[in-house]
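Report on the following structure.
Nothing in this text is a laboratory measurement; each read-out follows from the coordinates by a stated rule. Given the structure is predicted, the values throughout are model-derived calculations rather than measurements. Cβ: placed from backbone, ideal geometry, glycine included. Neighbour counts: every protein chain shown.
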Amino acid sequence: MKYSPVQNYINGKFVDASGNRKLDVISPLDGNLLSTVPMSSSKDLDNAVKAAKTAFRVWSRTPIKERVQVFFRYKSLLEKHLKELSELVQEENGKTYTEATAEVEKSIELTEFACSLPQLVTGEILEVSRGVECRTEHVPLGVVSSIVPFNFPSMVPNWTLPNAIALGNCMIMKPSEKVPLSCGRLAELLKEAGLPDGVFNIVHGDVEIVDAICDHPGIEAVSFVGSTKVAKLVYQRATQHYKRCLALGGAKNHLMVLPDAIPGMTAQNVAASMSGCAGQRCMAASAMIGVGNVDKIIDKICEEARKIIPGENLGAVINKASQERIEKYITEAEQQGAKILVDGRNTKVNGKEKGTYVGPTVIDHVTPGMAVATEEIFGPVISIMRTNTVDEALAIENANPYGNAASVFTQNGGMARYIIEHANAGMIGVNIGVPVPREPFSFGGWNESKFGVGDITGKSSIEFWTKLKKSTTKWNPEAGVNWMS
């Protein structure tokens, strides 16, 4: 075992969970044992909430200009430890070092945005009548929780913790039990940056802790990122207990490729979108719709896909179960009549035979009713459907129950605008395969890709992590009594 057993992080200290149940943490790169992670109980969560509540009394009253100084220092520490953090992400998640580095760099950008919050939450003040002023200010909620997934061990925690904490809340984070190591290192860096004990806490576990977070009366808000199935359950359970909840689910993102698209650029973008992070991201392109004759572009996509080599510029999928599930989708599509142009099944990497890899896979002549066309595969697989018109392509995209992203590849500005207006998704790309907004623009999809109001990053997150206090003051007794009194 390479690392010490993972512990919870409560009130500024790493502590053992109350129970004895643990899971192994296995590296998808080579199948080696990295550590063990505890399955905590509601008692452990109670301790974390208690610490957070105590810390909230002081932290919430600390001026925001002072709170964000912690995140200026935290940003510097992320930069200082970029290589170490990237290697840790690579080890526990299985992505390439380049992808892991990009993830930590995005964490730095997210933290940079949090440092700008004092300029964004200044509130408003107006003299509404002579001698009478109305004022608004953003007030923190209290103890909040963030439940984060396996696919981005550093970035997704930093979607929530810098903003929520800089805005005055205290947080309890529940990392994925598959990748618990990065969160612990982030906690150490936050403490080094000067974050007071109890403001940020980590409780490890599985569904038992997720349920306990949703139920706990001391937690005011819950954010979640994961599959749509679980996002629905978390949203329903948390809101049943009258909490704020923002739960991000899965996706089935469509790329619409028109005949006038630039072949080389399109092929590179499509291949990168479907295979980046081994396809384990909710913004990955997993369905392509070719409009008209795009055979030459599909040929180039296959050329690009064959340049993607598992173990070199393609990382592993998270575990054996995911590998088997992805390969089952491919086999089922083949049995239903689809044509496998590039086949990533039965992939082994020399020297890492116990790693869990799926090679890049391109499937052509997929029909809209096939599982590979409708379900989230979460692997380096793209399914190609064909239509004669843009409206037919949009009909397929609109019928998709998810709504994270959609993209179009074309050189026709009017057609691009038409697709932007008619695609049923929250994030749209033109000649880009992964249309993730950069800060300060917020991340968030539509339909069954998101449950709750607002987005999880950027300016939109301010409304989720705070409540608005309105005050009206009058200091001129000579104004007398009127209807505003």
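For a quick check: sort Y329, Y418 by the number of other beta carbons within 10 angstrom, fewest at the front.
Details: Y329 22, Y418 16.
Fewest-to-most ranking of Y329, Y418: Y418, Y329.
Compared with the dominant Cα axis of the chain, that is its longest principal axis, helix 413-422 is turned about 60°.
Its residue count N fixes a reference of 2.2 N^0.38 Å for the range 392-485, and the Cα radius of gyration divided by that reference is 1.76. Just so you know, the Rg over Rh for the range 253-430 is 0.96, from Cα atoms, with Rh as the Kirkwood radius.
First check a/c for the range 257-319, with a ≥ b ≥ c the square roots of the eigenvalues of its C-alpha gyration tensor; if it is under 1.5, answer rounded, and if not, answer prolate when a/b is larger than b/c or oblate otherwise. Don't skip to the answer; put the middle values down first.
Details: a/c = 2.94, a/b = 1.80, b/c = 1.64.
Taking the square roots of the gyration eigenvalues as a ≥ b ≥ c, the range 257-319 is prolate.
Residues whose amide H falls under 5 Å from that of T36, counting only those 5 or more places apart or on a different chain, are V6, V25, with hydrogens built in the peptide plane.
Ordering S322, S407 from the fewest to the most neighbouring beta carbons within 10 Å gives S322, S407.
Round to the nearest 0.05 the FRET efficiency obtained for S227 and K469 when R0 = 45 Å and r is the Cβ-Cβ distance.
Working: r = 36 Å, r/R0 = 0.80.
E(calc), rounded to 0.05, equals 0.80.
The calculated FRET efficiency for D260 paired with Q236, based on their beta-carbon distance and R0 = 51 Å, is about 0.70.
Applying the Karplus relation 6.51 cos²θ - 1.76 cosθ + 1.60 with θ = phi - 60° to the range 303-312 yields 3J(HN,Hα) values of 4, 5, 4, 6, 7, 8, 10, x, x, 10 Hz, where x marks Gly and Pro.
According to the calculation over all Cα-Cα pairs in the range 174-283, the P(r) per 5 Å bin from zero is 2, 10, 14, 15, 15, 13, 10, 8, 6, 5, 2, 0 %. Backbone phi angles across the range 15-30, fed through the Karplus curve with coefficients 6.51, -1.76 and 1.60 (θ = phi - 60°), yield HN-Hα couplings of 9, 6, 6, 6, x, 9, 6, 9, 10, 6, 9, 10, 6, x, 5, 9 Hz in residue order; Gly and Pro are listed as x.
Note that the range 364-378 has calculated 3J(HN,Hα) couplings of 9, 6, 7, 9, x, x, 6, 4, 5, 8, 10, 9, 6, 8, 6 Hz, one per residue in order, obtained from phi through the Karplus relation 6.51 cos²θ - 1.76 cosθ + 1.60 (θ = phi - 60°); glycine and proline are x.
Relative to the longest principal axis of the Cα atoms of the chain, helix 390-399 runs at roughly 60 degrees.
Exposure proxy for V132, V143: other Cβ atoms within 10 Å of each Cβ, ordered fewest to most, give V132, V143. Taken along the Cα-to-beta-carbon direction at a fixed 7 Å, the label points for E375 and S4 span 4.3 nm.
Database remark: amide H of G429 closer than 5 angstrom to the amide H of A406, S407, V408 (H placed geometrically; neighbours at sequence offset of 5 or more, or on other chains; Pro and chain starts carry no H).
Modelled spin labels at V58 and T98, positioned 7 Å past Cα toward Cβ, are 4.7 nm from each other. Site-free segments of the chain were taken between GluC sites (Glu not before Pro) in DSSP loops having at most 10 other Cβ atoms within 10 Å, sites themselves excluded; the longest one is 1-311.
Taking the range 253-430 as the region of interest, the number of lysine pairs whose Cα atoms are within less than 21 Å, with members eight or more places apart or on different chains, is 13.
The angle between the Cα long axis of helix 228-240 and the longest principal axis of the Cα atoms of the chain comes to about 20 degrees, rounded to the nearest 10. Mean separation of Cα pairs under 8 Å and 6 or more residues apart, divided by the residue count, gives the chain a relative contact order of 18 percent.
Cα-based Rg of the chain per 2.2 N^0.38 Å, rounded to two decimals? Don't skip to the end; give the middle numbers.
Values: Rg = 24.0 Å, N = 485, 2.2 N^0.38 = 23.1 Å.
Taking N as the residue count of the chain, the ratio is 1.04.
Rounded to the nearest 5, the antiparallel percentage of DSSP beta bridges internal to the chain is 40%.
For S146, the residues whose modelled amide H falls within less than 5 Å of its own, excluding neighbours fewer than 5 places apart on the same chain, are I172, M173, K174, S223.
Once both labels are positioned 7 Å from their Cα atoms along Cα-to-Cβ, the gap between K50 and E66 label points is 2.7 nm.
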